Structures are given as structure tokens and as C-alpha cells.
Amino acid sequence: MAYLKLSANTVKKSVSAHKSIALAIAALLYLICLTGTLSVFFEEFERWEQPSIEEYTDYTPAQIHTAIQNFQQRVNHTPKTLWVVLPTEAVPRMHISGDDQEWFINRDGHLSAAPLEAWTTMLTKLHMQLHLPQNIGLILVGILGVLLCSLIFSGLLSHPNLFKDAFRWRRGRQALTQVDLHNRLSIWALPFYFMISFTGAFIGLMGLFSVIAGAAFYNNNNEALLDDIYGSDPEVLKVSVNLNINTALQTLKSIAPEARPIYLAIQNMGTDDQYFEIAATLPKRLIYSEIYRFHADGSLINHQQFSDGAVGRQIAYSVYRLHFGHYAGQWVKVIYGLLGLALSVICASGVNIWLAKRKYESTLNDLWVAVVWGLPLALALAALFSFYNWAPLWVFLSTELLAVVFALLMKQPLNTRWILMACLTATLAIIVFTREILSFNETVTPTFHQVNLSILMVSLVLGMMLFQQRYQC
Amino acid sequence: MIVAAFITQIIGISLLYQSWRKSNRQPSANAIAWLVIIASLWPWQEAMGLEYGISFWFMGLPPIAWVLIISNREFQKREAPPRIRKQARPDRKHLTHAALKTIIAGPFTFVTCFLCSSFISLAVKQSMGLVEADQLILNLSLLLLFWSISIFWLIAKPVEWRSTFFLLTFTLSGSLWLYG
């Protein structure tokens, strides 16, 4: 097999750069990869957290009108924008929100419970912004995306035998196993990792870019720049007090029969400039949605041209689904989950290689074990305690801190790893049983049991790994 | 069609694997295997559309290859040497050096790459008649690409002043061009 022919000097420099970048960001990158892997399934986790919400895929304009009326009765003022998220195959639940107030909608249009801001919210926020103030967090995660791209380039140039050893996995010797695992997992999914890091950086740094490019080219007018990319608000020519959603949905069906509406947004609600948008996914397209804009009377204004406008606009609106893996059904999520897990293993094994090559152990070995196995344990315990209304973020942070202290006191990385893994295995099993017991008398959706079964399977796999490790010891 | 696409991909990677296993690896066998792998892109995009097809093609490769890697695993059981435990303190000089490199590789390189990507995207816009959305997205994409490569380049270079000098020259000339 042909392989890259690089000079020894280039390889040496690349290895040095790869190592420096990786060690500087290892823990944060691992956290981002791990939470990203789990966040792929955030819709399933949200349904699992609130299993007794009514689920359906069909809806009527009358139901939407009833929900809007009920929403207006519940809140004191009319929000500027009102969102009605429509049920889909992926999330067969309907909810309404405006001005930070949100409720699920029953089949009859009446409002039910408010969505929980619990573990899943904590998880996705951790992935997107590390629970830092939004702009800072997004930029930091975006920079981590750029650094992951750097690691991909330097990784490619660091391994001249990457293609020569494309199918090799030498097991048994600890360091060699880690090296082969790291390289084999990396090379075959390289385009996927590049896509994930690039789209992540794109999403995270779009805000910063708009500020800088806005200052450079748009006289500090960020809005004008974003309008050029994503399209501007439409001009409302017809004034109508009553919203005719039925006509709009009929019009949409006639102009785009294959479009599947995912949400409806009523803009400038209750004013003369009132209009509404229906966002709809299109088959075989990666764009998040096309947005069709209607006058309040239901007549079409235009569409935002995410599907057929400038290539730049189409790309800008395609990065989200491509990054989240939310397209083409459930199997894509599973593959994204597997590849995301592989990326997390690459992060962990990369540092393991460096630690193994040092030929001695220090505090760093303990800290790294606390990161690799402490973080999943912290996430699992946060999920468990969130059922009892404990703040998941604080449980997560406290557990991770305890894991670090425990690892530093133990000073035996192998034993620490085994104990943390055992705790994780047990916690996952307890989560499943607790969830099932707590929801015993409730009418729950099949997704609830499917998620529980998946967690139980992960727990069993971890249990087998534990047994294998103990047996080998 | 999806089945055909997946089977073609499996055949392509299996051919590559078979060629890899041979002691005298032949470039022609590799080329055929890669051609079959690339050819599987066609049924993927026929079945799923261009956008989904390409992404499925990329996502299909690793699981197939990993199955072959697992089937080919070798066991080399050896006793690990006993590891000594010692206190390793970070070198202060090394840390200062790393902090300096981070500053250069971070904000400084970002500004340089922004100027460079702006220049290229504006030049492409003028020559090809791109609309604003295309130019801005090209600008951002190039910025991310250049920045990640520059970080690697700067950290890989043992002598920082050369790369710093290069970036500084680029930043100053770019600023002059943009604001001068």
C-alpha cells in the first residue's frame, strides 16, 4: 500500500506539535467529545426524562389555534415571537414557547407540563458552551474545534506508516495496543472527525467572525452581515389581525409537497407587521430547514432560500444537521454515536500513549484516570440525582472533584480506573431501575424503555470489561 | 440500491485488506481497491441523494474497516516492566515558552489568517462574481482552515521568530491593504 513519504525531520516536528496541542487541550477535548457523543441522542434523553408527555405525529390548525389562545391566557403579555414546535417522527411531541415560557401541547390543544430543564439541558450546555457565559463558551468550544482540526493535520503528518499499518492491531502490550487503537480509530474515520471539528468550529466561531467581519466590511453592522448570509426579514404588505394557519399549511402543501413542517414562528405578534414562518425539512437535504414566510392571512410572502439560494447560504444552514447527526433517521444517530465514542477513545488513548512512553508514573497519571473515568461517572450521577430534583451541574462538578481527589489519594491509576469503572457500571444500572420504579404507575412511551435498555446494555458491557480486567490482574 | 452501495463498499475495503495482507503489496491491486471504494459513492448518492450519499459513504468506511482490523488483531503478550513512581515538576522555562507560543498561535495567528482569508475570498468574489453570502462563507471556511494549519505550523517550528516574522509581515501588509 502506498504511504506518505515524509522526512524524519518533518515527522519529528509534527509529533512534537501533535503532542503539544493534544496535551494542552486533552481534558477539555475529551469532555467535548464525550458530551457531544451523548448529545447526539438529546431528543431521546428529553423524551426519557419526561416519559409521560402525550406523543403524536399528526396535528391540526385548530389545535395550533387553541394552543396559542391557551398560551396567551397563561402569560401576562404577548411575546414578540411565538414558537410552535410541531411533532415529527424523531420527536412526536408538540410544544409552544415565547419569552422563555414553554409548555407541551396535548392532542386537544390544551397545554400540559413545561419541558424540564434538567440533565439533558445540562449535557447539551456543557457540550456547546461548557456552562460558561454563552458567547465566551461558544467561542472557546469553537477554538477547540479549530485545535482538533490542527490535531488531525499534525496527526496525519506524524505517522508516516499510517496507511502502511492500516489494518494492524497489536494487542497485549499496553503501549502498543494504545498506539494501534489510537491510529486505527483515527485514520479510518478521519473525514468524519474533520467534518465534526470543522462544523463545530464553524458553529462556535460564526458569532466572533460576524463581529470581526462586520467591523472590517460592514461598518460594525453585524445584522447586515448576517442578513447577507442567512437572509433578511420579509416586507409585510398585508395587515391582518387573525392568523390563518390553515391556508398557509395548504399553500405550503401545494408549493412544496415534500416539505415536512417542523416549527411555526409567529413574528411581531399582535402588531401590524405580524407574519409567520413555517420551517420545513426537505427530503435528502442537509439544510436545517427551508423557511416559508406567510402574511397573517396565510398568503405566501417568500421563502428564505436555504434550499435553493446562494451556495454559501445553503452551506451555512447545512452545518447544524451535519454536526448533530440529525438527518436520515435513527441509524445515522447510532453511527454518529459510535464514531463520537471512537473520537473520545482517541483522545483518551492519545494521552495514554504519552503517559506510557514516560516510563514512570506521576500525579498526571492519577489525574488523567480521574478525567477519563470520572467524567462519565459524573454525568451518570448527575442524571441519577436529577430524578430527585438535584441540580445536575452541581452533582456533575462535585463528582468530578471527588474523582480527582480520590485518584490523587489512591496514587494507583490502575486500581482507581477499576473502581471508577465499577462505580459507573453500578450507577448506570441504578439509573435504569430507579427510572423504571419511579415511572411504574405512569403511562410511558416505548422510547423510555428503549433508552433504559440501551443504558442497561452499556452497563453490561462495562461490567464485562471490569470482569475481564480483574481476571487479567 | 443502499444494499448495492454497502456491498460495493465492503468489496472495495476487503480488496484493500487482501492486498494489504500480501507480503509483496502491489500498487495496481491497491488502485483497483480504491477505485471500487470510490465507485461505491455512485450507488450511495443514487439511493440517498448527493448530500446524504456522500455523508453515508464516509460513515460506511470506518465500521467495515474496523471489523477487518478486529479480525486481524495479533496478540503479543509480554510482561510490562514495573513502573517507578516519581514526582515530576513542570519546567518553568518550558511553561513560559508554551505560554508565549499560545499567544502567538492564538489571537495573533487568528488575525493574520482572517486577513489572508478575507483577501482570498474578496479576490475570488471579484474574479468569479460571487454573492456576499458565498464570499463570507468562503472567508469563514478559509479562516478556520488556515488558522488550524497555522497553529500546527507555528508549534511545529522549533525557531519561532521566523514564523512570527512571516505572520507579522502578513498582518501588517494585510491591515494596510484593508484599511490603508
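For chain A, what does -39500 (n - 2.57) per DSSP helix run (n ≥ 4), summed and divided by total residues, give at 222 nm, in deg cm²/dmol to the nearest 500? Present the calculation step by step, with values, prior to reporting the outcome.
On the way: 16 runs with 289 residues, N = 473.
Using -39500 (n - 2.57) per qualifying helix, the result is -20500 deg cm²/dmol.
If I take all pairs of Cα atoms in the stretch B:1-90, what percentage of them are more than 20 Å from each other? Everything past 20 Å amounts to 51 percent.
Within 10 Å of each Cβ in peptide A:209-216, how many partner chain Cβ atoms are there on average? Round it to a whole number, please. Numbers along the way, then the final one.
Values: counts 8, 2, 0, 5, 9, 0, 0, 6.
Averaged over the peptide's residues, the number is 4.
Cα convex hull of the stretch A:1-93: how many Å³ per residue? If you can, show how the numbers build up before the last one.
Numbers: hull volume 23.6 nm³, N = 93.
So the per-residue hull volume is 254 Å³.
For residue A:275, the residues 5 or more places off, or on other chains, whose built amide H falls under 5 Å of its own are A:267. For the residues of A:222-228, the average number of beta carbons from a partner chain within 10 Å of their own beta carbon is 2.
Legend: translational diffusion of the stretch A:191-310 by Stokes-Einstein, Rh = Kirkwood radius over C-alpha pairs, 4 °C, 1.567 mPa s; D = 80 µm²/s. Taking Cα atoms only, the orientation of helix A:446-472 departs from the longest principal axis of chain A by about 10 degrees. Simple rule: put +1 on each Lys or Arg Cβ and -1 on each Asp or Glu Cβ in chain A, find the dipole, and look at A:386, A:431, A:264; the Cα lying farthest toward the positive end is A:431. Both numbers refer to the Cα atoms of chain A; Rg and Dmax are 25.0, 77 Å.
Placing unit charges on the Cβ atoms only, positive for Lys and Arg and negative for Asp and Glu, gives chain B a dipole magnitude near 1360 debye about its Cα centre. When the listed pairs A:12/B:93; B:93/B:157; A:12/A:357; A:164/B:86 are checked against a 25 Å cut-off, the alpha-carbon distance exceeds it for A:164/B:86.
For the stretch A:361-373, backbone phi angles converted through the Karplus equation (6.51, -1.76, 1.60; θ = phi - 60°) give residue-by-residue couplings of 10, 9, 4, 4, 4, 5, 5, 5, 5, 5, 6, 5, 9 Hz, Gly and Pro being listed as x. For the protein assembly as shown, DSSP calls about 90 percent of its internal beta bridges antiparallel.
Derived scalar couplings between HN and Hα for the stretch B:91-100 equal 6, 4, 5, 5, 5, 4, 4, 5, 5, 5 Hz in order, rounded to whole Hz, by the Karplus curve 6.51 cos²θ - 1.76 cosθ + 1.60 (θ = phi - 60°), x for Gly and Pro.
Using a cutoff of 8 angstrom between alpha carbon atoms and counting only pairs six or more residues apart, the relative contact order for the stretch A:329-473 works out to 22 percent. With θ taken as phi - 60° and the Karplus curve 6.51 cos²θ - 1.76 cosθ + 1.60 applied, the whole-hertz 3J(HN,Hα) list for the stretch B:118-128 is 5, 4, 5, 5, 5, 5, 5, 4, 5, 6, 9 Hz, x standing for glycine and proline. Considering only A:34, A:229, A:440, the residue lying farthest towards the positive end of the dipole of chain A is A:34, judged by Cα position with unit charges set on Cβ. When Rg and the Kirkwood Rh are both derived from Cα coordinates, the Rg/Rh ratio for the stretch B:105-168 amounts to 1.07. Checking the a/c ratio against 1.5 first, then a/b against b/c, what shape does the Cα gyration tensor give for the stretch B:12-158? Verdict is oblate for the stretch B:12-158. Here the label points at residue A:116 and residue B:3, each 7 Å from Cα along the C-beta direction, are separated by 4.2 nm in the simple model. I'd like the mean, over residues of B:59-71, of how many other protein chain beta carbons sit within 10 Å of each residue's own Cβ. So the per-residue partner count for this stretch is 6.
Among A:212-218, A:274-280, what's the highest-first ranking by average C-beta atoms within 10 angstrom per residue? Walk me through the numbers on the way to the answer.
Numbers: A:212-218: 17.6, A:274-280: 22.9.
Packing proxy ranking, top to bottom: A:274-280, A:212-218.
Treat every Asp and Glu Cβ in chain A as -1 and every Lys and Arg Cβ as +1, leave all other atoms uncharged, and give the resulting dipole magnitude about the Cα centre to the nearest 20 debye.
The calculation lands at about 2840 debye.
Its residue count N fixes a reference of 2.2 N^0.38 Å for the stretch A:131-249, and the Cα radius of gyration divided by that reference is 1.72.
For the pair B and A, the buried accessible area comes to roughly 6300 Å² in total, with a 1.4 Å probe and the value rounded to the nearest 100. Around the Cα centre of the stretch A:177-270, unit charges on the Cβ atoms of Lys, Arg, Asp and Glu (plus for the first two, minus for the last two) sum to a dipole of about 320 debye. Per-peptide packing, taken as the mean over residues of other Cβ atoms within 10 Å, places A:385-396, A:151-162 in the sequence A:151-162, A:385-396 from highest down. From the alpha carbon centroid of the stretch A:386-463 to that of the stretch A:20-51 is 15 Å.
Of the accessible area of the stretch A:245-293, computed with a 1.4 Å probe over protein heavy atoms only, carbon and sulfur atoms account for 46 percent. Accessible area ranking (1.4 Å probe, heavy atoms, ligands and nucleic acids excluded), largest first, for A:149, A:423: A:423, A:149. What residue among B:49, B:100, B:23 has its Cα farthest toward the positive end of the dipole of the stretch B:1-101, where the charges are +1 on Lys, Arg and -1 on Asp, Glu, each on the Cβ? After comparing all options, I get B:100.
Answer rounded, prolate or oblate for the stretch A:342-458, using the Cα gyration tensor with square roots of eigenvalues a ≥ b ≥ c: rounded when a/c is under 1.5, else prolate when a/b is larger than b/c, else oblate. Each step should come with its number before you reach the end.
On the way: a/c = 2.96, a/b = 2.08, b/c = 1.42.
Prolate is the answer for the stretch A:342-458, as a/c is 1.5 or above and a/b outweighs b/c.
For chain A, the longest principal axis of the C-alpha atoms and the axis of helix A:119-129 are separated by about 80°.
The values are calculated or read from the model by the stated rules, or taken from the named source; none is laboratory data. These numbers were taken from a predicted model, which means no experiment stands behind them. Using ideal geometry, Cβ is built from the backbone for each residue, glycine included, and neighbour counts are taken over all protein chains shown. Quick note on the areas: whole protein, heavy atoms, side chains included, nothing else; ligands and nucleic acids left out. Shrake-Rupley method; radii C 1.70, N 1.55, O 1.52, S 1.80 Å.
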